[in-house]
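Let me begin by presenting the structure, written as structure tokens, before commenting on it.
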Amino acid sequence: MLGMKFSTPQDLKEMAKIEKKRKMEEERKARIFNPRNRLIGVDVSALENQIAEKKTNEEMERAREEAFRLKQERDTMIATQLARQIEEKKHNLNKELNEFRKHYQRKEDRIEFDLYDPDLLKKSLPCRVSDDDPRLSVSGAQNFIYGNNSNRLGLLLFKLISNANELFLNKSKTTTATFRLKNGSATNDRPTGKEQNFLGIAAEQETQKRMRELRDMENEQCEMYNAVTGDLLSECCSTQSNLGPNRTLVTAFKGMSQQMRDQIRAEQLKQIEERKARREEEEKIEKAWAEQMLNASQVVSQRTTEMMMKQRELNRQMLELNKKLSQEQRMKKEYSDKVIYTNRPTEEYFNQFNTCTR
């Protein structure tokens, strides 16, 4: 009885404190030594709240979309009905407008319709209906003062006969006056004043006739001379054209002369020689270019061969160097494994760590 120990309130308090620390340590170990909980962490209540909140939001969003869908269908139906009503009103208005135009705004009722009436010629009267048409005027030359065709032909014939008689009489008087003028000394009758006037007129007409014949003869001779001595028949190409000093008049050109042919032939031969010399020069240039290209290709081929040989030598040297480095690394690893790293840690060495959270 004397050897028994009694726990004081202080001891109980210390024991409760130690038990609390031990429990906290266990919980800490559960959190720390669990990689998933240590790196990510899991809060079940928070996750459940999030899931519930997500479901609630989805339900609300679904209800909202359903409300929007119903509203859209209702608005679409209303818009379709309004559009149909508007189209019907427009159709009725257009129909009424066309009916109004058909009865009260016809094109035949316009003031200017006679300007573009397609049946204007069919509707209009001819220029003359009969001889009693009141539209006929003197200046229209549609109606004359004569009675009928027979009277008009008779009057026309009478007028022609009168004119012929008057011309015959004038010619007779002119002949008589000319005769009297030539034989004035052989007759004893003295001409009257009227006959003297006729004689003067006849003499003046004869003089004018002679002058016209003389002038026509001179014009004909001048025309013949100009035609014979002109550039057309003489084939004279000396006259320059108005288009330039080196241009030839087409109307005065009757063919090339021998001198012109010789000049053209000489120019052609000159052009042939120039073309031949230019072709020879081009052949020389092309030959030089071909030789230069051949030399360049040979140089390039030689340089390529040299570069390939150098690259081959570099590859061989690189291969030798890699072999040498590989051998050195292998020897170094063998030395490390056999000499330096002889005491390697075992599983027991690693198990001594992470036994507590402190």
(Q) Heavy atoms of the protein only, probe of 1.4 Å, neighbouring chains included. What is the accessible area of Tyr116 in Å², nearest 10? (A) 100 Å²
(Q) Using a probe radius of 1.4 Å on heavy atoms only, what accessible surface per residue do you get for segment 253-307? Whole Å² is fine. (A) 94 Å²
**Q.** Summed side-chain charge close to Lys123 - residues other than Lys123 whose Cβ falls under 10 Å, Lys, Arg +1, Asp, Glu -1
**A.** -2
**Q.** Net charge, Glu320 excluded, C-beta distance under 14 Å - Lys, Arg +1, Asp, Glu -1
**A.** +2
Q.
What FRET efficiency comes out for Lys324 versus Gln292 if R0 is 45 angstrom and r is the Cβ-Cβ distance? Round to the nearest 0.05.
A. 0.40
Q | Leu120-Met211 pseudo-label distance in nm [points 7 Å out on the Cα-to-Cβ vector] | A | 5.7 nm
Q: Could you work out how far apart the two model spin labels at Arg344 and Asn98 are, taking each label as a point 7 Å from the Cα in the direction of the beta carbon, and quote it in nm?
A: 10.3 nm
Q: Mind giving me the nanometre distance, one decimal, between the label points for Arg303 and Leu269, set 7 Å out from Cα along Cα→Cβ?
A: 5.2 nm
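The values are calculated or read from the model by the stated rules, or taken from the named source; none is laboratory data. What you see is a predicted model; the values in this text were computed from it and never measured. Note that we place each Cβ from the backbone using ideal geometry, even for glycine, and neighbour counts take in every protein chain shown. Just so you know, the surface numbers come from the protein's heavy atoms only, side chains and all, with ligands and any DNA or RNA stripped out. Shrake-Rupley method; radii C 1.70, N 1.55, O 1.52, S 1.80 Å.
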